[in-house]
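**Student:** Supplied in structure tokens, the structure appears directly below.
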Amino acid sequence: MREATVTRNTRETQITVSVKLDGKGESKISTGIGFFDHMLTALSRHSGISMDIQANGDLYVDGHHTVEDTGIVLGQALNQALGDKSGIARYGSAYIPMDEALSFCALDLSNRPYVVFNGTFTNQMIGQYDACLTEEFFRALAVNAGITLHLDMRYGSNDHHKCEALFKAFAHALKAAIRLNEDGTVLSTKGVLA
């Protein structure tokens, strides 16, 4: 079964994440940051990965530790659930529009983490969510899951739409990459992903 649960406790955050790669995109999300919960719920639904994410963090400081550490733990859980990554499609990409905004994601579950993030937000905050933490979240997730990740907010004027399109583009690219291939082998001429 392709699933995992990871718990990480620090002086700043206490986070538990459970994922089921072959779930139905059902989610139970609670981070204390409403817009971030909305993005994680969309990520779960659109990727088809069932997720239970419970995070308690030092929100009296700001949302940085909670958002980044959630990315760390989610990345670790995805990495564990994927195992040696044999038998998966490995690559995924998606363009996602949301009203006036368009975002793109391409990724490789390569075990070689690398992040290219292209995009800016007009406003600092989206609700109680600091928009600049979007890049921090995806970097933490990619490094801990071993993903080569390219994210591009192509255009848009509404920050909510731009951010949501980006999360959904990542979700659809991830859904394609974790899909099981026909012969169960590692999609690499090396025979391993490293």
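The values are calculated or read from the model by the stated rules, or taken from the named source; none is laboratory data. Being a predicted model, the structure only gives us computed values, none of them experimental. Counting neighbours? That spans all protein chains shown, and the Cβs are built from the backbone with ideal geometry, glycine included.
**Student:** Output the number of residues of the range 147-194 satisfying the condition of being modelled with pLDDT of 95 or more, surrounded by fewer than 20 Cβ atoms within 10 Å (Cβ to Cβ) and among the small types (Gly, Ala, Ser).
**Tutor:** Adding up the residues that qualify gives 2.
**Student:** So which residues in the range 161-182 are closer than 21 Å to GLY83 by Cβ, under 13 Å from the mean Cα position of the chain (by Cα) and among the basic types (Lys, Arg)?
**Tutor:** LYS175
**Student:** I would also like to ask the following. How many of the residues making up the range 122-150 are outside any helix (DSSP H, G or I) and either closer than 20 Å to LYS24 by Cα or under 11 Å from the mean Cα position of the chain (by Cα) (or both)?
**Tutor:** Count: 2.
**Student:** Continuing with this model, one more query. Given (1) out of contact with any Asp or Glu (no Cβ under 6 Å at 6 or more places or on another chain); (2) touching a residue at least 12 places away in the same chain (Cβ under 8 Å), identify the lone condition not met by HIS65.
**Tutor:** Only one criterion is unmet by HIS65, namely (1).
**Student:** Right, here's the next one. Kindly provide the set of residues from the range 71-119 that are of a type in the set (S, T, N, Q) and either without any contact (Cβ under 8 Å) to a residue 12 or more places away in the chain or part of a strand (DSSP E or B) (or both), ordered by number. I'd like the intermediate steps shown before the answer.
**Tutor:** Taking the range 71-119 and keeping what is of a type in the set (S, T, N, Q), we get 76, 79-80, 86, 93, 103, 110-111, 118.
The answer is SER93, SER103, ASN118.
**Student:** Can you pull out the residues in the range 40-91 that are β-branched (Val, Ile, Thr) and either more than 15 Å from the chain's Cα centre (by Cα) or within 14 Å of GLU136 (Cα to Cα) (or both)? Show your work before the answer.
**Tutor:** We begin by selecting, within the range 40-91, every residue β-branched (Val, Ile, Thr); these are 41, 49, 53, 61, 66-67, 70, 72-73, 88.
Answer for the range 40-91, where residues must be β-branched (Val, Ile, Thr) and either more than 15 Å from the chain's Cα centre (by Cα) or within 14 Å of GLU136 (Cα to Cα) (or both): VAL61, THR66, VAL67, THR70, ILE72, VAL73, ILE88.
**Student:** Separate question: Select from the range 6-42 the residues that are part of a strand (DSSP E or B), among the hydroxyl-bearing types (Ser, Thr, Tyr) and loosely packed, with under 15 Cβ neighbours inside 10 Å and list them in ascending order.
**Tutor:** Start the filter on the range 6-42 by keeping residues that are part of a strand (DSSP E or B), which leaves 6-9, 13-20, 27-30.
From what's left, among the hydroxyl-bearing types (Ser, Thr, Tyr): 7, 13, 16, 18, 27, 30.
Within the range 6-42, THR7, SER30 meet the criteria.
**Student:** Evaluate the range 61-81: report whether one residue or more is in contact with a Lys or Arg (Cβ under 8 Å, 6 or more places away or on another chain), within 14 Å of LYS175 (Cα to Cα) and surrounded by 20 or more Cβ atoms within 10 Å (Cβ to Cβ).
**Tutor:** yes
**Student:** Continuing with this model, one more query. Can you run down the residue pairs with Cβ atoms below 6 Å, 6 or more apart or on separate chains, where the first is in the range 121-133 and more than 20 Å from ASP69 (Cβ to Cβ) and the partner is outside any strand (DSSP E or B)?
**Tutor:** As it stands, the answer is PHE121/ALA131; PHE121/ASP159; THR122/ASP159; ASN123/ASP159, since those pairs meet every condition given.
**Student:** Since PRO97 meets every condition but one in (1) surrounded by 22 or more Cβ atoms within 10 Å (Cβ to Cβ); (2) under 17 Å from ALA171 (Cβ atoms); (3) not small (Gly, Ala, Ser), which condition does it not meet?
**Tutor:** (1)
**Student:** Hey, can you tell me all the residues within the range 29-39 that are more than 17 Å from VAL61 (Cα to Cα) and more than 15 Å from the chain's Cα centre (by Cα)?
**Tutor:** Residues of the range 29-39 that are more than 17 Å from VAL61 (Cα to Cα), as a first pass: 29-30, 35, 37-39.
Residue satisfying the conditions is SER30 alone.
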